[in-house]
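Just below is one structure, and these are the notes that go with it.
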Amino acid sequence: MGDYSEEEFRKKYPNLARELGGKGSIRINSVRSTVDEGERAACSDHGYQPTAVDFIRRCSTEEQALEIINYLEGRKEIDEDHAKRLRRQLVERGLNSFGSHKEPGYYDRVAKG
């Protein structure tokens, strides 16, 4: 907190202190590789169409995730550049960088509301 103790910071800047990690803070635990993918994930009225990251989040191992990336690239559902970025993220940041693991049926339940 710089030159302030945590208590001094909270007294001087209570709203900022609350936003930086007080009650109600939100943990970000995934990374979207493209702006389009992030927009689809954030938009609730786009209908349910799983992205590459949605499929990767169902994987239990990095090998499974790599297989998904290769499969989607082979079917031209993602382009070569996107596949490279996903592979790089998988190697550099690991499987958890795509978000928490989702069990089978998770996205069906979410899509139905």
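Here are the numbers for the structure shown:
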read-out: Segment Leu16-His101, extension gain: residue separation times 0.36 nm, minus the distance between their alpha carbons; value: 27.4 nm
read-out: Full-extension gain in nm, Asp81 to Gln64, via 0.36 nm per residue minus C-alpha separation; value: 4.2 nm
read-out: Inter-site label distance for Glu8 and Val91 at 7 Å from Cα along Cβ, in nm; value: 4.7
read-out: Residue exposure sequence - Val53, Val91 - by fewest surrounding Cβ within 10 Å; value: Val91, Val53
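Quick note: the coordinates plus some simple rules give every number you see, no bench work behind them. The model shown is predicted, which means the values in this text are computed figures rather than measured ones. Note that each Cβ is placed from the backbone with ideal geometry, even for glycine, and that neighbours are counted across all protein chains shown.
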